[in-house]
Amino acid sequence: MNGGPRAAASVRVSVIVTAYNHEAYIGRALEGILKQTGVSFELLVGDDCSTDGTRSVIDSYVHRNPDLIRVHYPEENLGGGGKVIFDELIRRSQGEYIAGLDGDDYWTSPTKLLVQTAYLDEHPECSMVFHNVVRHFEDDERPDELYLSQGGRRQLEWRDLFGSNPVPACSPLFRRAALDPLPAWYFHLPWGDWPLYFMAMEKGEVHYLPDVMGVFRLHGRGMHSGLSDVARRENEVEFFSRLVGVLPPPQEEHLRRRLALALSRLARAQLRAGRRDAARVRLAESFRTWPLDPRLLLRGQGERARLALWALTRLPLQPPVRPVEDVR
């Protein structure tokens, strides 16, 4: 089943939902969207050939909301961690703004889209606005907690994106120009949401609202949940490696520094897994990417850990050191 009546041309927000084996969750995701008030929106849902009953649940909502929901059901799994089907849904959408939602997360505030569209209307310099959410652990291993601590800055900077992903995937609202069209390099990255925030930062400012308006689920069936520590660190290295050459030139130095840290973290994970030779190779690559920085060594910032790991792996020679006059 593909299609359904197209939404009116005056739609302000295109809500894009991507699902894969989300039978247990997709209903709640769609309910939270359908309860949105105060702003016109269209809802596009893509299922990437789920092997459970996800499509049946989606179809039940389409039957009740035929003028609002459009679906895309490819005949074979498109893969790419959901990026390919996300791109197709963007192409089919027509809203001024774009909100994305994975089929296992959901929104809790019926005015989420209203609040965010009003904010973007009032802040033309802003290309993306996101909000706080609750992090929910499906296996009850930990109590619910806020994704972001209270009192955070209201505007992200580039350095925030080079740490860990600071944006809950179910929270952003983008201006269309920030995402459409998606660049070719996007499809080769291991994560689908994190690179979107780099794109938005290139097009304008990224702002944060402390309002808690959604739930980000963590469960064993998530795309990255079941990965080993080594596999997660390999993804991190691949992510930052593939960003080299695609970000604005002023950010390249920060990117190389972040890639060096990712390589050292991978080396540590490999060492813990008993893969000493592989750890030595990756750590040496880390120091070639970003030589030891004396000033950062005094402040920590990962340099002490890299130096300690150099000793643990018993690499020959001394690690390369950046000249003090070259340190910014």
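The values are calculated or read from the model by the stated rules, or taken from the named source; none is laboratory data. This structure is a prediction, so every number in the text was calculated from the model and none was measured. Note: ideal-geometry Cβ built from the backbone for every residue, glycine included; neighbour counts use all protein chains shown.
To keep it simple, each residue is scored yes or no on (1) in contact with an Asp or Glu (Cβ under 8 Å, 6 or more places away or on another chain); (2) not polar (S, T, N, Q).
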residue: Asn21; (1), (2): yes, no
residue: Thr51; (1), (2): no, no
residue: Ile58; (1), (2): yes, yes
residue: Val62; (1), (2): no, yes
residue: Leu68; (1), (2): yes, yes
residue: Asp87; (1), (2): no, yes
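The single residue among Val84, Val57, Val45 that is assigned to a strand (DSSP E or B) and either buried (at least 20 other Cβ atoms within 10 Å of the Cβ) or among the aliphatic types (A, V, I, L, M) (or both) turns out to be Val45.
Against the list (1) modelled with pLDDT of 95 or more; (2) in a helix (DSSP H, G or I); (3) under 22 Å from Tyr119 (Cα atoms), the condition Asp160 fails is (1). Under the condition of being hydroxyl-bearing (Ser, Thr, Tyr) and surrounded by 23 or more Cβ atoms within 10 Å (Cβ to Cβ), the residues counted in the range 277-293 number 1. For the range 16-42, filtered to residues that are touching a Gly at 6+ places or on another chain (Cβ under 8 Å) and within 25 Å of Ala118 (Cβ to Cβ), the residue that is surrounded by the most Cβ atoms within 10 Å (Cβ to Cβ) is Ala29. Flag: Pro172 does not match the condition of being touching a strand residue (DSSP E or B) at 6+ places or on another chain (Cβ under 6 Å) and surrounded by fewer than 17 Cβ atoms within 10 Å (Cβ to Cβ).
Answer yes if at least one residue in the range 203-214 is in the same structural domain as Gly163 (by TED's automatic domain parsing), under 29 Å from Ser50 (Cα atoms) and at pLDDT 95 or above, and no otherwise. Yes, some residue in the range 203-214 is in the same structural domain as Gly163 (by TED's automatic domain parsing), under 29 Å from Ser50 (Cα atoms) and at pLDDT 95 or above. Leu271 satisfies every condition listed in (1) exposed (fewer than 13 other Cβ atoms within 10 Å of the Cβ); (2) of a type outside the set (Phe, Trp, Tyr); (3) modelled with pLDDT of 90 or more except (1). Scanning the range 144-157 for residues that are surrounded by 11 or more Cβ atoms within 10 Å (Cβ to Cβ) and assigned to a loop (DSSP other than H, G, I, E, B) turns up Tyr147, Leu148, Gly152, Leu156, Glu157. Screening Gly95, Gly103, Gly81 for residues that are under 19 Å from Leu68 (Cβ atoms), in contact (Cβ under 8 Å) with a residue 12 or more places away in the chain and touching a Leu at 6+ places or on another chain (Cβ under 9 Å) leaves exactly one candidate, Gly103. Scanning the range 127-142 for residues being surrounded by 13 or more Cβ atoms within 10 Å (Cβ to Cβ) and farther than 30 Å from Lys203 by Cα gives a total of 3.
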